[in-house]
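The values are calculated or read from the model by the stated rules, or taken from the named source; none is laboratory data. These figures come from a predicted structure and were not determined experimentally. We place every Cβ from the backbone using ideal geometry, glycine too, and count neighbours over all the protein chains shown.
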Amino acid sequence: MQNLATSLKPASTRKQYDAIIIGSGASGGMAAKELTAKGFDVLVLEAGPMIDPLRDFAMNRFAYESMYRGFGRPGWKQSEQWMQDTAGDFSRHFYVNDTEHPYTTAPGKPFLWVRARIVGGKTLHWGRLSWRFSDLDFKAASHDGFDVDWPIDYREMAPYYEKAENWIGVSGNRDGLWWQPDGDYLPPMALTCGEHQLKSATEKLGWKLIQSRVAMLTAVRNHHRQGGRAQCHYCGSCGNGCTVGAMFNSLSSTLPAAAATGRMTLRPNSIVRQLTVDPTTGKAKGVAVVDRVTRQELEFRGRVVIVAASTLESTRLLLNSKSRQHPAGLGNSSGALGHYLVDHFGGTGASGYLPMLAGRDPVNEDGKSSGIFVPRFRNLDDKTKHPKFLRGYGFEGGSSIGSFPGNARRTPGFGSEFKKTVRRWYVAPVGLTTRANMLSRYENFVEIDPDGVVDAWGVPVLKVHIQHSDNEREMARDAAESATEILRRAGAEEISTSYEMTAPGRIIHELGTARMGNDPKTSVLNKFNQSHDVQNVFVTDGAAFVGAANQNPTLTILALTMRACDYLTEEIKRGNL
Amino acid sequence: MIGMQKRTANRPRLYTLHALPAGKGFTGSVTGTGGRTVEVAFVPTQATLEKGGDRPRLQLSGTVTIQTSGRGPRPRTIEGVTATLLATQGSVSKAPDAPSSLPEKLRPTEAAPPPKGLPRTEATAEASTIAVMYLRLSPLPATGLPELPYDLSQVQLNARLWANSSLERDLLWLYSAWFLAQEGPAPNPEKAAGYLAEINRRLA
């Protein structure tokens, strides 16, 4: 895998770049690849440090190689990274240090904000699940009357989904479900025995269970090979960094492609304080940056600015970019900037053991990085309409032996009987956990903290106001009961049902706050991710979402980014930008 | 690095100081002159409500002690420092048990069953606690602190709340309960005053 650090060239404050891209994660990396391929001279600004895959990735590293057996030095998480939920002993450097990155919340309404300020962003450790949205999602409001539709539909998005899937490589099946559209996939990862059991049980209830679609190379196409990416060898270290490029991340895929054109300048350690505005035109002229390490203040100029810093960082940036022409934040004439924040919720579900698998010899099932998915089965049509909630949820889950016998923590007893019990059930786990839609509501929002809290560089932070509604709670109850019923039908024993919903943010699918729409009075962006108010500013990450659906958002973010890049290129050719 | 910059008339501003709980107070560290680590400890002895401004705010009063690692100036203590609460970050961790010595009227009541028997969201409402208190320190006398070559006029103390002892556990619970009673969606001034008194019992 290419070490991008060796190809860095200095960024210039004297030239005007064709495009400045803020962020190097999924959207930023894709924007860099697309625009450099179209001949743009781009500057990618990443707030975090550079990364050396050979030094910083822990692929094929086992827990016993760590002094603390994979758990990290006692107390490290509570003292330094208490909100970085998925950070582990081998991956903690991919995540921000919460000591330097404050944010505030409303009383009694916590928000768990997982962030990655590092070249590659959250693509270094994301879950890789890659689902398309359908018109059930893009036109959800037409379906059930709540909120507004997206200003785009599936027909417009389909070609970009295909382009994105082809570029990044997604393994999966074509399942023929109209509300979970198929793509062009690499071979799927096989189901385990337990997952076949779950599939039979789910189908007995009239629902579907399909193989997860994951951005993993189960086969290698020419452009993957040319880009130095290799096929997955099922080591199971995806969250600790993949040095062979089998999992899609910016570092292995989009950024090297952009760098290879010679037209990308990548500047790490560049914290953007705000977008700068031409006082005569109100258009963006560039960005003001503080260097993370030296604290030097710099300004860079760009003809177009693409904000792809990840949902809430992007919105924070726009809110902090106040000026005489934009007193409420850049592009916020509608007052919608910051509002309609959502995150999927989880936590509810069921787990147990499959007795038909108990006591078998352990096999290496921990390398398979995909599980199963039960697509939404509620509120698809009149027959599946639920009386108590709108929209729907799906289940992620599976039945795989992990490298650590986590069931030991839940097994009572001690001594040899305890060990026998742990060994018997260790090989037979099964579980389903919810991934559920949260309704987009104006009153769930972020603002710049009104009490003046700042981060370590003096940049004002966000205050988050978000809570679930009864729609989510009714959905959660139904999901817990449905998951339990699936496990019961699968013959599972010792079924444990969870009714507690995860705090907003824990699923790390925060979306919205700079929503797109056709009406500049009620939305921040147009259907091409372009600011209604400031036409040379685009916001291409999850901030643009109108609604959350229940599927993972990254594939849609990638597709929207590609589409926005096509549009802005045409607008420049037409002389409109 | 900031610690390596020469001292000039225009000192770089120290925006934030992250501090971990240490008994009654909080301890953090900063890179000081010559790249040395300078430990900064804030120990409050009293908690009051500062009136004025947009709303009454919690104000902790106490001392700041500064100590350089290795060979350096003697530790010095600055009296009369206040830390005024700006805002908080809610925790997603499980709340600790209430202090065992709480007066009856301040004990948490048994949580009412959720409306309509619906699932709850973790760590919210009465089950919520604070992860960090963001406090503004009163200006520190930078000219008398050569080991800290910064503008210390508006340091934001990021006071992490996390229990390593029974005292820290009690204070975590009490600060959180006070905040919810004072600024939550259903303010209870009487309970807030009671929690403030309990905090002061432990700071004294």
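Within segment A:501-525, how many residues are within 23 Å of A:Val277 (Cα to Cα) and crowded, with 21+ Cβ neighbours inside 10 Å?
Here the count works out to 7.
Look at segment A:421-446 and say how many of its residues are more than 30 Å from A:His196 (Cβ to Cβ) and either buried (at least 18 other Cβ atoms within 10 Å of the Cβ) or in contact with an Asp or Glu (Cβ under 6 Å, 6 or more places away or on another chain) (or both).
Residues of segment A:421-446 more than 30 Å from A:His196 (Cβ to Cβ): A:438-446.
Imposing the further condition that a residue be either buried (at least 18 other Cβ atoms within 10 Å of the Cβ) or in contact with an Asp or Glu (Cβ under 6 Å, 6 or more places away or on another chain) (or both) reduces the set to A:438-441, A:444-446.
Total satisfying the criteria: 7.
Consider A:Tyr234 against the criteria (1) surrounded by fewer than 19 Cβ atoms within 10 Å (Cβ to Cβ); (2) at pLDDT 95 or above; (3) not basic (Lys, Arg): it satisfies all of them except one. Which criterion is unmet?
The single condition A:Tyr234 does not satisfy is (2).
Kindly establish whether A:Val546 is more than 17 Å from A:Asp147 (Cβ to Cβ), away from every other protein chain (no Cβ under 14 Å), among the aliphatic types (A, V, I, L, M) and in contact (Cβ under 8 Å) with a residue 12 or more places away in the chain.
no
Restricting to segment A:435-456, name every residue that is under 30 Å from B:Pro12 (Cβ atoms) and either among the charged types (D, E, K, R) or away from chain B (no Cβ under 12 Å) (or both).
A:Val446, A:Glu447, A:Asp449, A:Asp451, A:Asp455
Among the candidates B:Pro146, B:Pro141, single out the residue that is farther than 23 Å from B:Asn188 by Cβ, surrounded by fewer than 16 Cβ atoms within 10 Å (Cβ to Cβ), more than 8 Å from chain A (Cβ to nearest Cβ) and out of contact with any Ser or Thr (no Cβ under 9 Å at 6 or more places or on another chain).
Just a single option satisfies the conditions, and that option is B:Pro141.
For segment A:336-343, does any single residue satisfy the condition of being in contact with a helix residue (DSSP H, G or I) (Cβ under 8 Å, 6 or more places away or on another chain), assigned to a loop (DSSP other than H, G, I, E, B) and farther than 30 Å from A:Pro460 by Cβ?
no
Going through A:Val148, A:Val114, A:Val44 one at a time, which residue ends up being part of a loop (DSSP other than H, G, I, E, B), away from chain B (no Cβ under 14 Å), aliphatic (A, V, I, L, M) and in contact (Cβ under 8 Å) with a residue 24 or more places away in the chain?
Sole residue among the options that is part of a loop (DSSP other than H, G, I, E, B), away from chain B (no Cβ under 14 Å), aliphatic (A, V, I, L, M) and in contact (Cβ under 8 Å) with a residue 24 or more places away in the chain: A:Val148.
Out of B:Arg74, B:Arg136, B:Arg120, B:Arg57, which single residue is of a type outside the set (Ser, Thr, Tyr), under 19 Å from B:Asn200 (Cα atoms) and surrounded by fewer than 21 Cβ atoms within 10 Å (Cβ to Cβ)?
B:Arg57
Looking only at segment A:1-41, count how many residues are touching a residue at least 40 places away in the same chain (Cβ under 8 Å), more than 20 Å from A:Phe300 (Cα to Cα) and among the β-branched types (Val, Ile, Thr).
Matching residues across segment A:1-41 total 0.
Just wondering, is there one or more residues in segment A:473-489 that are away from chain B (no Cβ under 11 Å), surrounded by fewer than 24 Cβ atoms within 10 Å (Cβ to Cβ) and small (Gly, Ala, Ser)?
yes
Within segment A:486-533, can you find the residues that are more than 24 Å from A:Asn550 (Cβ to Cβ) and aromatic (Phe, Trp, Tyr)?
A:Phe528
Among the residues in segment A:464-471, are any in contact with an Asp or Glu (Cβ under 6 Å, 6 or more places away or on another chain) and either within 30 Å of B:His18 (Cα to Cα) or more than 14 Å from chain B (Cβ to nearest Cβ) (or both)?
So far as segment A:464-471 goes, no, none of its residues is in contact with an Asp or Glu (Cβ under 6 Å, 6 or more places away or on another chain) and either within 30 Å of B:His18 (Cα to Cα) or more than 14 Å from chain B (Cβ to nearest Cβ) (or both).
When you scan segment A:230-239, do you find a residue that is in a loop (DSSP other than H, G, I, E, B) and on the phi > 0 side of the Ramachandran plot, even just one?
For segment A:230-239, residues in a loop (DSSP other than H, G, I, E, B) and on the phi > 0 side of the Ramachandran plot: present.
Scan segment B:58-98 residue by residue and report those that are more than 14 Å from chain A (Cβ to nearest Cβ), under 13 Å from B:Leu172 (Cα atoms) and in a strand (DSSP E or B). Let's see the steps before the verdict.
Start the filter on segment B:58-98 by keeping residues that are more than 14 Å from chain A (Cβ to nearest Cβ), which leaves B:60-82, B:97-98.
From what is left, the residues that are under 13 Å from B:Leu172 (Cα atoms) are B:97-98.
Hits for segment B:58-98: nothing passes.
Residues being out of contact with any Ser or Thr (no Cβ under 8 Å at 6 or more places or on another chain) and over 20 Å from A:Asn269 (Cβ atoms): count how many of those fall in segment A:20-39.
Residues in segment A:20-39 being out of contact with any Ser or Thr (no Cβ under 8 Å at 6 or more places or on another chain) and over 20 Å from A:Asn269 (Cβ atoms): 1 in total.
Determine the pairs where a residue that is within 9 Å of chain A (Cβ to nearest Cβ), located within segment B:164-190, has a partner that is surrounded by fewer than 18 Cβ atoms within 10 Å (Cβ to Cβ) and assigned to a helix (DSSP H, G or I) with Cβ atoms under 8 Å apart, the partner being 6 or more residues away or on another chain.
Qualifying pairs under 8 Å: B:Leu180/B:Glu126; B:Gln182/B:Pro189.
Kindly evaluate B:Leu118 against the criterion of being at pLDDT 90 or above, at the interface with chain A (Cβ under 9 Å from one of its Cβ atoms) and out of contact with any strand residue (DSSP E or B) (no Cβ under 9 Å at 6 or more places or on another chain).
yes
Which one of these is surrounded by fewer than 18 Cβ atoms within 10 Å (Cβ to Cβ), modelled with pLDDT of 95 or more and more than 27 Å from A:Ser351 (Cβ to Cβ): A:Asn173, A:Asn166?
None of the others qualify; the one that does is A:Asn166.
Listed here are the residues, each with its yes/no results for (1) over 20 Å from the mean Cα position of the chain (by Cα); (2) more than 8 Å from chain A (Cβ to nearest Cβ); (3) closer than 30 Å to A:Asp470 by Cβ; (4) among the β-branched types (Val, Ile, Thr).
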site: B:Ser101; (1), (2), (3), (4): yes, yes, no, no
site: B:Lys105; (1), (2), (3), (4): yes, yes, no, no
site: B:Pro108; (1), (2), (3), (4): yes, yes, yes, no
site: B:Ala131; (1), (2), (3), (4): no, no, yes, no
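Mind listing whichever residues of segment A:244-303 are within 14 Å of chain B (Cβ to nearest Cβ), outside any loop (DSSP other than H, G, I, E, B) and of a type in the set (Val, Ile, Thr)? Give the steps one after another, and end with the answer.
We begin by selecting, within segment A:244-303, every residue within 14 Å of chain B (Cβ to nearest Cβ); these are A:269, A:271, A:273, A:290-297.
Those still in the list that are outside any loop (DSSP other than H, G, I, E, B) too: A:271, A:273, A:290-291, A:297.
Passing the criteria: A:Ile271, A:Val290.
Within the set of pairs 6+ apart or on separate chains, which have a first residue in segment A:495-514 that is more than 7 Å from chain B (Cβ to nearest Cβ), a second that is surrounded by 24 or more Cβ atoms within 10 Å (Cβ to Cβ) and of a type in the set (Phe, Trp, Tyr), and C-beta atoms under 6 Å apart?
Filtered contacts from segment A:495-514: A:Pro504/A:Phe111; A:Gly505/A:Phe111; A:Gly505/A:Trp113; A:Leu511/A:Phe545; A:Gly512/A:Tyr340; A:Gly512/A:Phe545.
Please tell me if B:Gly53 is without any contact (Cβ under 8 Å) to a residue 60 or more places away in the chain, on the phi > 0 side of the Ramachandran plot and within 14 Å of chain A (Cβ to nearest Cβ).
yes
Criterion first (closer than 27 Å to B:Ala125 by Cα, at pLDDT 95 or above, under 28 Å from the mean Cα position of the chain (by Cα) and charged (D, E, K, R)) does A:Arg477 satisfy it?
yes
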